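A quick write-up on the structure given underneath.
The values are calculated or read from the model by the stated rules, or taken from the named source; none is laboratory data. None of the values given here were measured: they were computed from a predicted structure. As a convention, Cβ positions derive from the backbone with ideal geometry for all residues, glycine included, and neighbour counts pool all protein chains shown.
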Amino acid sequence: MTWTREKLYHRHRLSHRQIDDLLGVAHQGDEMAEKVTQLEKLRFFFQVAQDLIKANIWFVVLKGPLLSQRLYKDPTYRYYKDFDFLLNPEDVTQAIELLEQAGLKPLNFHWPKSISQQNKVLGYLNQINLVNEETGLSIELHWKLFHWKVVAPSAMREHILSNTEELTLSGIQFKVLSPEFELLYLIIHGGLHAWFRLKWLVDIQVFLRLGLIDVGKFKKLVRDFKAEKIVALAAALLEDQLQNRTNLGFQKYLDHSTFVFCQERLLSEHELPYHDIHSFRKHLQYKWRLFPNMSYKLSLLKFSTFRDKEVNHSSLPLHPVSALAQRAWDRIWGK
């Protein structure tokens, strides 16, 4: 596949400097403007992080400038659209209140006032998006790494607590995932999105090239998460798209149908995963094959029965029964 700079920048969200690395061609004209934009985003990131630190709210930074620092020794090198913070569930309400005081507003739905409704949201979803409407800068507050139950919640919590470390940026110490766990997180994140952005594969390529991980520790995590198929898929796509052969193992777990599906998603001009019943079915079949555990498959089915407007409904969270009731109401009253 011959990638154009325009497609790599707009469709796959690689920075111009990353594109230079990938294409092996220096490009003049856009880097300075991009650098200024990234610095403005970085200032916003520090403001939010310091607010959370002052409030004694525990958090782990996911991706964003800390991943850019880890991979490129420059927090502005990678392109990032928003900032992801993983919090303890019990701190989410306080964090939202802090961010609202700083001028951010929830993007899709208002955070409930009642504790019972808050607990429903915490149990049903994995994150909330908040945005500054003037600047367009946004924050994603996570209380789970993934929406779907790739492992039991208690096991996930244990893995997070035992696989974090400190990374210093501009004199501030941040908690980040250990290299082995961050690599697995990036692979699962990209896999759950069917690798529709090349940037995720590029991140993993750089990660492996730098030799940041203990391969034995990484393989143990893969087995703990039963993530052999999704790791094999990442390795196959790295070789197919970036001509990068890895030594991660697990090749025997590769599912050819998931590989073909991801090839199609990478080459697609559209970012949305599906637009009709046929593409929806293919999307669901793809995700179904990624993990073997039944709790994952059940959580996948629970979420995938909802339409867009139901998922982002202002009365979130919707359970299957209430979603069906909403559909029936819409059909009767023509809404």
Residue satisfying condition, being assigned to a loop (DSSP other than H, G, I, E, B), at pLDDT 90 or above and farther than 23 Å from LEU161 by Cβ, within set LEU8, LEU39, LEU14, LEU71 = LEU14
Considering GLU269, GLU310, which residue is in contact with a helix residue (DSSP H, G or I) (Cβ under 6 Å, 6 or more places away or on another chain) and either outside any helix (DSSP H, G or I) or modelled with pLDDT under 95 (or both)?
-> GLU310
Given the structure, is LYS63 within 13 Å of GLU140 (Cβ to Cβ) and in contact with a strand residue (DSSP E or B) (Cβ under 9 Å, 6 or more places away or on another chain)?
-> yes
Going through region 249-260 one residue at a time, which ones are within 23 Å of the chain's Cα centre (by Cα), within 16 Å of ILE188 (Cβ to Cβ) and either in contact (Cβ under 8 Å) with a residue 40 or more places away in the chain or in a helix (DSSP H, G or I) (or both)?
-> THR258
State whether one or more residues within region 200-222 are basic (Lys, Arg), modelled with pLDDT of 95 or more, under 17 Å from the mean Cα position of the chain (by Cα) and surrounded by fewer than 21 Cβ atoms within 10 Å (Cβ to Cβ).
-> no
If you scan region 124-142, which residues turn out to be surrounded by 14 or more Cβ atoms within 10 Å (Cβ to Cβ) and over 19 Å from ALA49 (Cβ atoms)?
-> TYR124, LEU125, ASN126
Region 124-216: helices (runs of 4 or more DSSP H) wholly inside it with 3 or more residues that are more than 23 Å from ALA95 (Cα to Cα) and touching a residue at least 12 places away in the same chain (Cβ under 8 Å) are 179-192, 198-209
Within region 209-236, the residues that are among the hydrophobic types (A, V, I, L, M, F, W, C) and under 24 Å from PHE261 (Cα atoms) are VAL222, PHE225, ALA227, ILE230, VAL231, ALA232, LEU233, ALA234, ALA235, ALA236
Being among the charged types (D, E, K, R) and in a loop (DSSP other than H, G, I, E, B) is the filter; apply it to region 75-101 and report the residue that is nearest to VAL48 (Cα to Cα).
-> ASP82
Spot the failing condition for GLU166; the list is (1) buried (at least 16 other Cβ atoms within 10 Å of the Cβ); (2) under 28 Å from ASN56 (Cβ atoms); (3) under 21 Å from the mean Cα position of the chain (by Cα), and only one is missed.
-> (1)
Subset of region 178-210, residues under 17 Å from PHE250 (Cβ atoms) and of a type in the set (Ser, Thr, Tyr), comes to TYR185
